[in-house]
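Data first, discussion second: the structure below is written as C-alpha cells.
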Amino acid sequence: MQILKAKDYEEMSRIACNLLVEHIQQNESPVLGLATGSTPEGLYRCLIEEYKKGKVSFHNMSTFNLDEYVGLGVEDANSYQWYMTDKLFAHIDVPTRQIHLPNGISQEVEQDCLDYERQIQEAGGIDIQVLGLGLNGHIGFNEPGTPFSSRTHAVELAQSTRRANARFFSGIEEVPTQAISMGIASIMESKKILLLVSGKEKAEALYQMMNSEVSESFPASILQTHPDVTVIADELALSKVLEFYGEDGGIPEVEEGKAR
Ligand code: GLP
C-alpha cells in the first residue's frame, strides 16, 4: 500500500487528478471505476479543468460507478446518476454509451446486477477504481458485515450512513434505505485502487483501514490485501496515523504527494 500525504483537500484532489489524467493519456481504452460523495468532487473539478485546457480527452474512457440509491431515477437531483452528470460527465467528452451506473429504479435488480458485472468484464475490468471511505469503513455502499465475496448487489444502508449522507437531502427521512452497490469482490478485482481520504472526521477510519485486522466488520480493511492500492490523504485525515507512528519516525510508506 502506498500512502501519499497531501497538504489539504485541494492538493489531494490534484494528485489524484494527475494520476488519472496520466493513465487516460497513456491508455487506448481506459476503464475507470468512479465514486460519489463529497470526497471526489475536487478531483472531478480538476479533471474538467484539464479537459478545458485541452490536456486530456475522455472520448475513449469507459466508467463504472460504485453505487446508486434504490428508488432514485436519473432525473432525481439526489441520484448518483445526477451527481455524476452534474459534477463531471456533462462537462467532458466521454460518450454517454461508455458511462455505467447501477440502475436505482430497476424492476429486475438481480438480473441488472449480473449484467453490471458482465459489462465490467466485457470492458476488460476496471483499471483504476476511485474510492472514498465511509466513517464505519464502508466502501461503495458495502456496510460492515458485507461478505468479502460479494458482487454487485442490493444493500440496506446503515443508519449511520444515512445520517452522514442526510446533508445532501432535505432530511434523514428523505435518504433512501437501500442502494445497489458493486460488491467487495468486484471492487477488489480492479487492477489499481485509489483511495481518497480527507478531513479530521475520517482520521479514525483511515487509521483502522490501515491497522485493524482484515475483517468484514470493517470492510475497507480488505484493501490491506490488494496488491496495488494508493491512498491519497490530507494531513487532517492522516492525523491519527501520524500521531501513532510519530511525525517523522515514520510509516515507511508515507510519502509527500506531488501535485504538478
Ligand atoms: C457514501 C458513498 C461512498 C462514499 C462514502 C464517503 O455513502 N456511497 O461511495 O465514498 O460514503 O462519502 P464522503 O466522500 O461524502 O465522505
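Tally Lys/Arg at +1 and Asp/Glu at -1 over every other residue whose Cβ is under 12 Å from the Cβ of Leu101; what's the total? Combined, the nearby Lys, Arg, Asp and Glu give -3.
Positive end of the dipole of the chain (Cβ unit charges, origin at the Cα centre): among Leu20, Gln111, Val31, the Cα lying farthest that way belongs to Leu20.
Relative contact order of the range 2-256, taken over Cα pairs closer than 8 Å and 6 or more residues apart, is 25 percent. Find, among the trypsin sites (Lys or Arg not before Pro) in the range 164-242, those assigned to loop by DSSP (not H, G, I, E, B) with at most 16 other beta-carbon atoms within 10 angstrom. Those that pass, being in a loop and sparsely packed, are Lys191.
Here the range 28-141 is treated with +1 on each Lys and Arg Cβ and -1 on each Asp and Glu Cβ, and its dipole about the Cα centre works out to around 540 debye. Beyond 28 Å in Cα-Cα separation lie the following of the pairs Lys5/Lys192; Lys52/Lys240; Lys87/Lys240; Lys7/Lys192: Lys52/Lys240; Lys87/Lys240. Applying a 4.7 Å cutoff between beta carbons, the unpaired cysteines of the chain are Cys113. A helix-only calculation puts the chain at -9000 deg cm²/dmol for mean residue ellipticity at 222 nm, using -39500 (n - 2.57) for each DSSP H run of at least four residues, averaged over all residues.
The label point for Thr225 and the one for Trp82, both projected 7 Å from the Cα toward the Cβ, are 3.8 nm apart.
Once you have a ≥ b ≥ c as the square roots of the Cα gyration tensor eigenvalues for the range 154-228, tell me rounded if a/c is under 1.5, and otherwise prolate or oblate according to whether a/b is larger than b/c. Prolate.
Coordinate-derived values only; no laboratory data. As the structure is a prediction and not an experimental result, all values here were calculated from the model. Counting neighbours? That spans all protein chains shown, and the Cβs are built from the backbone with ideal geometry, glycine included.
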